[in-house]
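This report concerns only the one structure given below.
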Amino acid sequence: MKFTQFFSTSSHKAALANQYGWLDAINYMAPHDLSGTNLCPWSTAGCRSLCLGHYSGQAGMVSDVETGTNKVRESRVRKARYFMDQRAEYMAEMVHHIRRLERQATRKSMRLVIRPNGSTDVPYERIRVGDHRSIMHAFPHLQFVDYTKSVDRMFRDRPANYHLVYSVNEETEDADLSRILDAGMQAAAVFAVRKNQPMPHTYKGHPVVDGDVHDLIHLQPAGTILGLRPKGRKAWADQTGFIIREF
């Protein structure tokens with residue numbers, strides 16, 4: 001095993017999920033092309049400039065947020081390169097750690113939810129794991145969740161236990177947003193709303209719910225926009241249009 005801790009279960013949102021009886025496990029790798037390979041093929045300038053996988057939490061605890069490094073950033077780069085260079089071994093290690101998490105969840109009398117892409121946008125539904133078509137097929141009794149910026153990926157066939165939410169960005173077309181929500185799926189959008197302020201009731205005619213309550217996106221209502229708040233000064237200073245200021 002190359003990683004003693006493959007998944008994070010201690011992030012703020014993961015901790016919130018505990019209150020609902022879920023053990024929330026999130027896999028982080030270096031986003032976009034920070035490892036030398038682009039693991040966010042549908043990313044936009046806005047999401048790259050504000051990436052939570054690089055600028056927030058322990059990854060953001062550096063003297064220079066743009067060029068600095070620390071153990072967390074370096075670990076995520078190593079994992080991304082592991083994924084690219086030793087795909088079969090990487091997936092086998094993911095299986096090993098999910099089994100460990102299952103035992104941990106059982107001890108705590110909790111349900112387990114796995115988020116393979118904490119800071120990337122890898123189509124894990126298309127990656128084989130041994131004799132299984134995907135990691136979701138290897139664990140059909142578990143719930144997997146992710147966000148994606150690919151409209152096409154939202155409409156592709158995927159395992160029933162893999163819940164995807166579309167991530168709204170500055171390049172999102174209104175027609176695509178409506179198509180996703182009208183199909184009973186969900187989207188997530190970042191609104192310029194302060195911590196103690198409520199989310200807008202609607203956006204472009206679609207209902208909005210507070211997505212900061214927890215990260216259990218598979219439990220949120222169908223056909224809704226999950227409203228998220230900007231995290232940190234860099235997000236509040238955004239001028240790309242990724243942060244929605246008019247609603």
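Tally up the residues in the range 73-99 that are over 19 Å from residue 136 (Cβ atoms) and buried (at least 17 other Cβ atoms within 10 Å of the Cβ), please.
6
Could you list all residues from the range 205-225 that are over 19 Å from the mean Cα position of the chain (by Cα) and surrounded by fewer than 15 Cβ atoms within 10 Å (Cβ to Cβ)?
Answer for the range 205-225, where residues must be over 19 Å from the mean Cα position of the chain (by Cα) and surrounded by fewer than 15 Cβ atoms within 10 Å (Cβ to Cβ): 205, 207.
How many residues are assigned to a helix (DSSP H, G or I) and charged (D, E, K, R) when one looks only at the range 158-191?
Number of matching residues: 4.
Pairs under 9 Å by beta carbon, first residue assigned to a strand (DSSP E or B) and surrounded by 15 or more Cβ atoms within 10 Å (Cβ to Cβ) in the range 226-247, partner modelled with pLDDT of 95 or more and among the polar types (S, T, N, Q), six or more apart or different chains?
Every condition considered, the pairs that remain are 226/186; 226/220.
Kindly list, by first and then second residue, each pair from a residue in the range 38-50 that is farther than 12 Å from residue 241 by Cα and touching a residue at least 24 places away in the same chain (Cβ under 8 Å) to a residue that is among the small types (Gly, Ala, Ser) and part of a loop (DSSP other than H, G, I, E, B), limited to pairs with Cβ atoms under 6 Å and residues at least 6 apart or on different chains.
Partner pairs satisfying both residue conditions: 42/150.
Scan the range 72-85 and report the pairs whose first residue is without any contact (Cβ under 8 Å) to a residue 60 or more places away in the chain and whose second residue is among the small types (Gly, Ala, Ser) and in a helix (DSSP H, G or I), with Cβ atoms within less than 8 Å and a gap of 6+ or a chain change.
72/57; 72/59; 73/59; 76/53; 76/59
Tally the residues that are farther than 19 Å from residue 6 by Cα, in a loop (DSSP other than H, G, I, E, B) and small (Gly, Ala, Ser), restricting the search to the range 30-45.
2
Within the range 186-194, identify whether any single residue is without any contact (Cβ under 8 Å) to a residue 60 or more places away in the chain, buried (at least 19 other Cβ atoms within 10 Å of the Cβ) and over 28 Å from residue 144 (Cα atoms), and answer yes or no.
Looking for residues that are without any contact (Cβ under 8 Å) to a residue 60 or more places away in the chain, buried (at least 19 other Cβ atoms within 10 Å of the Cβ) and over 28 Å from residue 144 (Cα atoms), one finds at least one in the range 186-194, hence yes.
If residue 80 satisfies all but one of (1) of a type in the set (Gly, Ala, Ser); (2) at pLDDT 95 or above; (3) outside any helix (DSSP H, G or I), what's the number of the condition it fails?
(3)
Give the residue that is nearest to residue 236 (Cα to Cα), with candidates limited to residues of the range 33-72 that are small (Gly, Ala, Ser), surrounded by 14 or more Cβ atoms within 10 Å (Cβ to Cβ) and modelled with pLDDT under 80.
Taking the candidates together, the pick is 56.
Within the range 86-110, which residues are in contact with a strand residue (DSSP E or B) (Cβ under 9 Å, 6 or more places away or on another chain), free of Cβ contacts under 8 Å to residues at least 40 places away in the same chain and of a type outside the set (A, V, I, L, M, F, W, C)?
Scanning the range 86-110 gives a single hit, 106.
The values are calculated or read from the model by the stated rules, or taken from the named source; none is laboratory data. The structure presented is a predicted model; accordingly, all values stated were derived computationally and were not measured. Heads up, the Cβs are rebuilt from the backbone with ideal geometry, glycines too, and the neighbour counts pull from every protein chain shown.
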